[in-house]
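Trainee: Got a structure here, written out as structure tokens. Questions coming.
Just so it is clear, none of the values below were taken in a lab; they were calculated from the coordinates. What you see is a predicted model, and the numbers here were worked out from it, not measured in a lab. Virtual Cβ from ideal backbone geometry, glycine too; neighbours counted across all protein chains shown.
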Amino acid sequence: MEKELKILKYNDLPKLIERFRTQGYPVLAPVRKNKVVEIETVESLDAVALDALLSTQSAKKAAFPKVEKVIDYTLGKNAVQQVPVNPETHPETILFGVRPCDASGFKSLDAIFGDTPRDEFYLKKKEKTTIVSFSCPVADSYCFCTSVGGGPGNTAGSDIQFTAISKEELLVEILTEKGAKLASHFTDLLSDTKGDIDKNKFLAEVKVVFDMNAVVGKTTASFNNTALWLEQSLRCIGCGACAFVCPTCACFDFQDEQNTKKGVRLRLWDSCGFSLFTLHTSGHNPREVQSQRWRQRIMHKFAYMPEQLHVVGCEGCGRCSRACPVDMNIKEHLTSIGEIVTV
């Protein structure tokens, strides 16, 4: 559909959550909990941390939860009775107040889980999720969204996007059919724009720090550059924090929890940075040292995904660098890859 522009008064913003809840929509939004900002269910706008630069963890949990049940089973004398969870039962949900990098991050997850074989658990949740993002008025030194094709006002992945254009007003961009359906619940609060609005004037400035095409090409060519991966990974302790906060990481594991009579099969987030991730039953590990695991992380995002799925697996949000306990900075690593001199 063609994008529609409207104006919403800031004072009317609390009414949106009230109306969404009245219509029966669960609303997930950034919530401040001590020193972190999590994505949680909210009952009112008062709980939403709209002033946060970013949530600590990404919004991917709306469609790809940290832990989700996929099968219930009962242990019988002669057979195991399995009851798969029906992904169709997921309710229509609103993801509210997230940043453009979170909304855009779903395009990578769509490509991964939409590839053959299709992952209906993710796809059904995503299909029933309407994403309302807020553009970024500020950024910090970890942000590099513009270097990977995004930006503080990037609308990719959003159904509706709000931009603060004054202390009293928000620019409302209705971007998709899902967004239009949701906006129908508060059309009485919207007014027409008066003249052209230069949205960019109200956005954070995030400078381009590397050429993404050069990084993709040089990452592909650097697979056997052992010295590069060793140097970049020397501080890595394999904790997996980077993957767990990333809006595009999609590695997962299955685990069973059971007693003598019944059990459940769970899908849980995992990370290619863990030493056990590729450990074979034989004891052999094809990625036996951390430099190989770091290489896999970068290659997957900037070589394999662009080649196989035609998306870059990074939104430039900088969460991984903020979360890293040993101060590894992916923006610096990618910049150094882009500066590699090839012969």
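Trainee: Pull up the DSSP beta bridges for the chain and report the antiparallel fraction as a percent, rounded to 5.
Mentor: 80
Trainee: Let me ask something else about it. With a cut-off of 8 Å between alpha carbons and a minimum separation of six or more residues, what is the relative contact order of region 212-338 in percent? Numbers along the way, then the final one.
Mentor: Details: 154 pairs, mean separation 42.4, N = 127.
The normalised contact order for region 212-338 reaches 33 percent.
Trainee: Calculate the tail of P(r) for region 4-202: the fraction of all Cα-Cα distances greater than 29 Å, expressed in %.
Mentor: That tail contains 27 percent of the Cα-Cα pairs.
Trainee: Same structure again: Taking Cα pairs under 8 Å and at least six residues apart, what relative contact order does region 4-202 come out at, in percent? Don't skip to the end; give the middle numbers.
Mentor: Details: 341 pairs, mean separation 50.4, N = 199.
Averaging sequence separation for qualifying contacts and normalising by length gives 25 percent for region 4-202.
Trainee: If you don't mind, there's one more thing I want to ask. Quick one: compute the contact order of the chain, relative version, from alpha carbon pairs under 8 angstrom and 6+ residues apart, as a percent.
Mentor: Relative CO of the chain lands at 21 percent.
Trainee: Please arrange 61, 181 by counting, for each residue, the other beta carbons lying within 10 Å of its beta carbon, fewest first.
Mentor: Starting with the residue having the fewest Cβ neighbours, the order is 181, 61.
Trainee: If you don't mind, there's one more thing I want to ask. So which cysteines in the chain don't have a second cysteine's C-beta under 4.7 Å from them?
Mentor: Singleton cysteines: 136, 143, 145, 236, 239, 251, 272, 314, 324.
Trainee: Right, next: For region 58-120, list log₁₀ I(q)/I(0) at each q in 0.12, 0.16, 0.18, 0.22 Å⁻¹, using the Debye formula over Cα point scatterers of equal strength and ignoring solvent, two decimals each.
Mentor: Result of the Debye calculation: -0.45, -0.70, -0.82, -1.06.
Trainee: Okay, next question. When 89, 187, 74, 116 are ordered from fewest to most other Cβ atoms inside 10 Å of their Cβ, what list results?
Mentor: Values: 89 7, 187 10, 74 13, 116 4.
In order of increasing Cβ crowding within 10 Å: 116, 89, 187, 74.
Trainee: Hey, another quick one. Here are some values of semi-axes √(5λ) of the Cα gyration tensor in Å: (1) 28, 23, 19; (2) 31, 25, 22; (3) 35, 29, 16. Which one was computed from this structure?
Mentor: (3)
Trainee: Then there is this: Which residue, 243, 111, 221, tops the fluctuation ranking in a GNM of the chain built on C-alpha contacts under 10 Å?
Mentor: 221
Trainee: Let me ask something else about it. Taking the alpha carbon gyration tensor of region 273-343, what are the square roots of 5 times its eigenvalues, largest first, to the nearest whole Å?
Mentor: In descending order, the three semi-axes are 23, 17, 14 Å.
Trainee: In addition: Please work out the Cα center distance from region 133-204 to region 60-131, rounded to the nearest Å.
Mentor: Comparing the Cα centres of region 133-204 and region 60-131, I get a distance of 27 Å.
Trainee: Among the lysines, which fall within straight-line cross-link reach of residue 60, defined as a Cα-Cα distance under 19 Å, with same-chain neighbours fewer than 8 residues apart omitted?
Mentor: Filter leaves 33, 69, 107, 124, 125, 126, 128, 178, 301.
Trainee: What ranking do 259-266, 7-14 get when scored by the average of other Cβ atoms within 10 Å per residue, highest first?
Mentor: 7-14, 259-266
Trainee: Continuing with the same structure: Straight-line reach from residue 167: which lysines have Cα under 20 Å away, leaving out those fewer than 8 places along the same chain?
Mentor: Qualifying lysines at Cα under 20 Å: 6, 9, 15, 194, 199, 201.
Trainee: For residue 46 paired with residue 75, estimate the spin-label separation in nm (one decimal), with each label point 7 Å from Cα along the Cα-to-Cβ line.
Mentor: It is 4.9 nm.
Trainee: Counting C-alpha atoms alone, how compact is region 82-163: give Rg to one decimal and Dmax as a whole number, in angstrom.
Mentor: That works out to 14.9, 50 Å for Rg and Dmax.
Trainee: Quick one, can you get me the convex hull of the C-alpha atoms of region 193-271 expressed as volume per residue in Å³?
Mentor: 236
Trainee: Indicate, rounded to the nearest 5 percent, the antiparallel portion of the DSSP beta bridges found entirely in region 4-202.
Mentor: About 70 percent, rounded to the nearest 5.
Trainee: Hey, another quick one. Treat the count of other C-beta atoms within 10 Å as a stand-in for reagent exposure and order 140, 198, 72 from fewest to most.
Mentor: Fewest to most other Cβ atoms nearby, the residues stand as 198, 140, 72.
Trainee: Give the Rg/Rh ratio for region 212-338, taking Rg as the radius of gyration of the Cα atoms and Rh as the Kirkwood radius, to two decimals.
Mentor: Reported Rg/Rh (Cα atoms, Kirkwood Rh): 1.02.
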